[in-house]
Amino acid sequence: MTTALSKEAQKGSLALLAGLTRFLKPYKKQFALAGVALLVAAAATLAIPYAFKQMIDLGFGATGTGSTEHINLYFIALFGVACVLAVATAARFYMVSWLGERITADIRSAVYSHVVSQSPQFFETTQSGEVLSRLTADTTLIHALVGTSISMGLRNILLFIGGLVMLFITSVKLSSIIIVMLAAVVLPIVLFGRRVRKLSRESQDRVADASALAGEILNAIPTVQAFTQEHNEARRFGTSVEHAFATAMQRVRARSLLTVMAILLVFGAIVFVLWLGAHAVLEGRMTGGELGQFILYSAIVAGAIGALAEVFGDAQRAAGATERLLELMSVASPIQSPARPLPLPPRTSVGAALALHEVTFHYPSRPKTNSLASMSLDVPAGATIAIVGPSGAGKTTLFQLLLRFYDPQQGTITLDGVDIRQLDLHALRNAIGIVPQDTIIFSANAMDNIRYGRMDATDAEVIAVAKMAAAHEFIERLPEGYASFLGERGVRLSGGQRQRIAIARALLKNPPLLLLDEATSALDAESERLVQGALEAAMVGRTTLVIAHRLATVQRADRIIVMEHGRIVESGTHASLVAQGGLYASLAALQFSLH
């Protein structure tokens, strides 16, 4: 998969989990409490075999009243240990579950905050569906690791070490034999675990591919259905899901084989050693209680190793998920606020002055094609400048550079005399209002969609700008007025209604510089007349740049800039440009002759 996130990591699998440290550090106290509960539970578990030994040797091995007292005492002690084990286990479960939920939420928030701060260049090479997969599927794997696997791993490490110590206390000879045999079986388990991690990463990538495909198609359902491609898209998604399934089954088979290897090899070694122990009891070199204790500690050690193999498999999967999330978190946006940003001069009553000097720019994905070439432009404060030209001339690109979605390869752009690269990004973008050609409506009500322009605006301010944008009347006719839910991407509104919501949003922001990218393109004649009047009123006291294909909407601009192939080829008023007989004149002749 060739995306900005697909570079292969060179670190060891479990070393990748160290990248989670910064998310774990704030919760040292909770980890300490979980650790205490873990130690108590492990100690209680390790005490049970010793209690059985005492019960067998001192209880069943004795006769008379003493033996009854011993049995009662050890059964009471055994129940007491069980009570401690139950409370400690419950406490451990609660604490590690809390940590899993809390840390997963922190990771999701951190990844999302990082992604939304990326420049559009990032999204040229990364599918949003893949990002969503990492936010959901990958963080779920990390949740399983933090909320379950780490606790289980530590618990079984303690049981393994404690059980091993008790085995040596019980019988040095048998324990030495079992250690040698266990060492011989651990190596193949570790080596095979590496293949599990590789397959886990591949499985997660295939799931991300399927999510990315689904996200793209679901956002384009009207187009899919208009071209009757439902069956083809369902087939494409089905194929992608099958690839994900096949890769997942490879991982499942590998993990199953790893589990079989671990359990058979480990228990085979233990059974052999226990066979030797049985002969030791028959020969009088061990008591029945000691053999029982050895058997229980062997079972604890074997169970710990089997559980550690499972945990190791989970850790391998989580390492793959961590690798993908850390890749995402390591992507740095090329567009950053400077370390010491300059302030914008105080706002004047006439708007902001704008200047471009020898600006040359090409998109990162198209390095051989300049979208703007040596472009220079001076826009005085309070001026209304119209930008026209054929599609692909660089008009929308100019707006993207003004918002600093990208930086030009050459040249400078200044706002009120300050290079925009020296401004804080939020300060720059707060000074600019834009009505884009492709209107975005959020899954919220009309009031909140307009208030997106300025989140602290009052309801009265929202309604005022809606009236200016000729949106108030149709909003009032909605079933619940301003509280009406507009649907995902504004599916309940017409194109013209969506555009008027976007205009109201920009007006609410009240910026010194207003960018209108085909702001009236989706309006009917009546709505266009209303909105044009509102925009003209809104242009008072601010600088405005207007991109328009409909030349009738820009005739009253202070100056019209004509662009072609990323360059300014003509500049002047409507009358002077028509008189020149150039590109603008031919565009005007074509449009006005059609009308």
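The values are calculated or read from the model by the stated rules, or taken from the named source; none is laboratory data. Not measured: the values here are computed from a predicted model. All Cβ positions, even for glycine, are placed from backbone atoms using ideal geometry, and neighbour counts span all protein chains on display.
Among the residues in the range 475-490, are any in a loop (DSSP other than H, G, I, E, B), closer than 24 Å to Asp517 by Cα and free of Cβ contacts under 8 Å to residues at least 40 places away in the same chain? Lay out the reasoning, then the answer.
Of the range 475-490, the ones in a loop (DSSP other than H, G, I, E, B) are 477-480, 484, 486-487.
With the extra rule that they be closer than 24 Å to Asp517 by Cα, the set shrinks to 486-487.
This time we only want the ones that are free of Cβ contacts under 8 Å to residues at least 40 places away in the same chain, so: none.
There is no residue in the range 475-490 that is in a loop (DSSP other than H, G, I, E, B), closer than 24 Å to Asp517 by Cα and free of Cβ contacts under 8 Å to residues at least 40 places away in the same chain.
To keep it simple, each residue is scored yes or no on (1) modelled with pLDDT of 80 or more; (2) in contact with a helix residue (DSSP H, G or I) (Cβ under 8 Å, 6 or more places away or on another chain); (3) in the same structural domain as Leu164 (by TED's automatic domain parsing); (4) under 14 Å from Leu296 (Cβ atoms).
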| site | (1), (2), (3), (4) |
| --- | --- |
| Phe31 | yes, yes, yes, no |
| Ala42 | yes, yes, yes, no |
| Leu46 | yes, yes, yes, yes |
| Met55 | no, yes, yes, yes |
| Leu58 | no, yes, yes, no |
| Ser67 | no, yes, yes, no |
| Phe75 | no, yes, yes, no |
| Leu78 | no, yes, yes, yes |
Exercise. Looking at Thr544, Thr573, which is the one that is within 20 Å of Leu354 (Cα to Cα), within 38 Å of the chain's Cα centre (by Cα) and either aromatic (Phe, Trp, Tyr) or modelled with pLDDT of 75 or more (or both)?
Worked result: Thr544
Exercise. Could we say that Val87 is at pLDDT 70 or above, in a helix (DSSP H, G or I) and closer than 30 Å to Ile142 by Cα here?
Worked result: yes
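Residue-by-condition table, conditions (1) in contact (Cβ under 8 Å) with a residue 12 or more places away in the chain; (2) farther than 25 Å from Leu587 by Cα; (3) of a type in the set (A, V, I, L, M, F, W, C); (4) not assigned by TED's automatic domain parsing to the domain that holds Arg454:
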{"position": "Pro338", "(1), (2), (3), (4)": "yes, yes, no, yes"}
{"position": "Lys368", "(1), (2), (3), (4)": "no, yes, no, no"}
{"position": "Ser376", "(1), (2), (3), (4)": "yes, no, no, no"}
{"position": "Thr397", "(1), (2), (3), (4)": "yes, no, no, no"}
{"position": "Pro408", "(1), (2), (3), (4)": "yes, yes, no, no"}
{"position": "Gly417", "(1), (2), (3), (4)": "yes, yes, no, no"}
{"position": "Arg429", "(1), (2), (3), (4)": "yes, yes, no, no"}
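Do we have Thr396 as of a type in the set (Ser, Thr, Tyr) and outside any helix (DSSP H, G or I) here? Even if it seems obvious, please write down each step before you answer.
Numbers: of a type in the set (Ser, Thr, Tyr): yes; outside any helix (DSSP H, G or I): no.
No; evaluated as a whole, the condition is false for this residue.
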Seminar exercise, completed: Taking the range 471-510 and keeping residues buried (at least 23 other Cβ atoms within 10 Å of the Cβ) and touching a strand residue (DSSP E or B) at 6+ places or on another chain (Cβ under 6 Å) leaves Ala502, Ile503, Ala506
Problem set entry | Residue satisfying all of: in the range 405-428; part of a loop (DSSP other than H, G, I, E, B) and charged (D, E, K, R); nearest to Gln121 (Cα to Cα) among these | Asp407
Problem set entry | Criterion (surrounded by fewer than 17 Cβ atoms within 10 Å (Cβ to Cβ), at pLDDT 75 or above and under 30 Å from Val311 (Cα atoms)) met by exactly one of Leu276, Leu264 | Leu264
For this session: Specify which of the listed residues (Tyr297, Tyr363) is touching a residue at least 60 places away in the same chain (Cβ under 8 Å) and either in a loop (DSSP other than H, G, I, E, B) or surrounded by fewer than 18 Cβ atoms within 10 Å (Cβ to Cβ) (or both).
Result: Tyr363
Seminar exercise, completed: For the range 470-503 the number of residues that are more than 15 Å from Asp459 (Cβ to Cβ) and among the hydroxyl-bearing types (Ser, Thr, Tyr) is 1
For this session: Would you check if Leu401 is crowded, with 18+ Cβ neighbours inside 10 Å, closer than 22 Å to His565 by Cβ, of a type in the set (A, V, I, L, M, F, W, C) and in contact with a strand residue (DSSP E or B) (Cβ under 9 Å, 6 or more places away or on another chain)?
Result: yes
